[in-house]
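Single-structure report; data block below.
The values are calculated or read from the model by the stated rules, or taken from the named source; none is laboratory data. None of the values given here were measured: they were computed from a predicted structure. Cβ sites come from the backbone with ideal geometry, for glycine too, and all protein chains shown count toward neighbours.
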């Protein structure tokens with residue numbers, strides 16, 4: 001299968017951390033004022049990343065001034081403002097994209113107002129498509145600029161979102177990358193995409209998703225297992241918005257076959273467009289009582305649900321992503337089955353801290369799940385090693401905040417000279 005052993009990624013991470021943090025005890029010399037900007041309008045994994053990083057920066061003693069869409073904290077998971085939905089429905093796609101670009105102007109004025117009021121040291125922005133407000137801050141306010149990049153957005157929306165002005169979108173995205181003093185992709189795969197856009201490698205620092213190790217610590221959850229009628233069950237678990245390409249139907253097929261213990265149960269913590277189809281499939285196969293789909297659960301309860309898992313499933317994954325759920329599975333010492341894509345191999349090593357299978361090989365995935373289901377010692381060993389990976393590499397939001405602050409401090413110091 002050619003699974004990478006992960007040594008390169010561990011080495012490169014350690015170099016990045018050492019270079020960013022330097023010799024200062026907490027990763028920074030002085031508290032910073034950080035102007036934090038994003039356009040995210042959904043209470044999903046993106047917003048979790050935003051909240052956790054802000055929280056970690058503040059816990060390190062930094063002042064974080066947040067400029068964000070007005071209604072984001074009142075939205076539900078996966079939701080967006082009614083006004084936005086209406087505009088998307090009635091406005092031609094190209095016109096909506098031009099509006100996204102034009103929004104950079106009022107967004108810049110909002111950032112400029114925050115700059116005048118607080119005199120921040122640095123701008124930290126989460127990239128969005130058609131977003132030039134950070135570039136404008138960097139050039140007009142001479143503000144050091146850190147840009148977090150979670151995806152090649154032009155490429156992503158062209159594939160999944162029917163992008164109407166791809167040439168304009170790419171020029172804007174590349175201009176933002178080039179304007180940033182430091183571009184912060186979440187994986188090395190994504191870093192290479194950014195570097196191919198003529199961004200020097202010394203201005204690209206990989207900072208993957210993190211986890212709050214205090215909240216995601218194994219505690220042998222039993223109460224929720226009782227509530228969900230999972231006592232005595234071997235639980236295969238998935239967290240997230242389940243879609244067709246996650247191949248959850250293959251797990252339902254496994255439940256009805258001879259390869260899993262009779263007490264196996266599939267727990268999906270979330271929702272998704274294939275929910276009804278999965279329930280119908282389970283009903284046809286006579287295993288509906290062995291499938292639970294919880295719907296969206298409060299963020300503060302996610303760790304308790306993952307603790308109910310005996311096997312954590314990371315199915316199909318976007319090639320450049322840093323899956324948040326994967327780090328949470330690891331921190332909670334769950335035995336993981338995941339695809340052997342390059343970005344996943346930045347965190348997991350086959351037979352060391354997970355079982356990895358060829359991407360989109362559904363048969364191989366089923367075999368790996370069955371193997372774990374029938375081997376308790378393997379589950380225990382892989383889970384313990386996964387948690388140790390998080391601890392030894394410090395894959396936490398606090399470490400991410402230290403890296404961000406150290407990079408910002410270096411930029412502030414360079415600007416002062």
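Just a few scattered comments:
- Only one of 183, 239, 274, 206 that is in contact (Cβ under 8 Å) with a residue 24 or more places away in the chain, under 30 Å from residue 401 (Cα atoms) and assigned by TED's automatic domain parsing to the domain that holds residue 348: 239
- If you check 332, 372 for being closer than 16 Å to residue 250 by Cα, assigned by TED's automatic domain parsing to the domain that holds residue 250 and touching a residue at least 12 places away in the same chain (Cβ under 8 Å), only one passes: 372.
- Looking only at region 261-274, residues that are touching a strand residue (DSSP E or B) at 6+ places or on another chain (Cβ under 8 Å) and under 22 Å from residue 234 (Cβ atoms) come to 9 in all.
- The set of residues in region 258-300 being modelled with pLDDT under 95, closer than 21 Å to residue 326 by Cβ and surrounded by fewer than 19 Cβ atoms within 10 Å (Cβ to Cβ) consists of 271, 296, 297, 298, 299, 300.
- Any hit, region 151-172, residues being at pLDDT 95 or above and in a strand (DSSP E or B): no
- Restricting region 209-228 to residues that are in contact (Cβ under 8 Å) with a residue 40 or more places away in the chain and out of contact with any helix residue (DSSP H, G or I) (no Cβ under 9 Å at 6 or more places or on another chain), the residue that is surrounded by the fewest Cβ atoms within 10 Å (Cβ to Cβ) is 220.
- Every listed requirement among (1) under 19 Å from residue 199 (Cα atoms); (2) buried (at least 23 other Cβ atoms within 10 Å of the Cβ) is met by residue 120 save one, (1).
- Of all residues in region 399-408, none satisfies being within 29 Å of residue 151 (Cβ to Cβ), in a loop (DSSP other than H, G, I, E, B) and touching a residue at least 24 places away in the same chain (Cβ under 8 Å).
- Meets criteria (modelled with pLDDT of 95 or more, over 23 Å from residue 304 (Cα atoms) and crowded, with 21+ Cβ neighbours inside 10 Å) for residue 255: yes
- Flag for residue 384 being loosely packed, with under 15 Cβ neighbours inside 10 Å and at pLDDT below 95: no
- Some residue of region 361-378 being more than 21 Å from residue 246 (Cβ to Cβ) and under 19 Å from the mean Cα position of the chain (by Cα): no
- Residue check for residue 401: crowded, with 24+ Cβ neighbours inside 10 Å and over 23 Å from residue 269 (Cα atoms): yes
- Among the conditions (1) modelled with pLDDT of 95 or more; (2) out of contact with any helix residue (DSSP H, G or I) (no Cβ under 7 Å at 6 or more places or on another chain); (3) surrounded by fewer than 19 Cβ atoms within 10 Å (Cβ to Cβ), residue 360 misses just one, which is (1).
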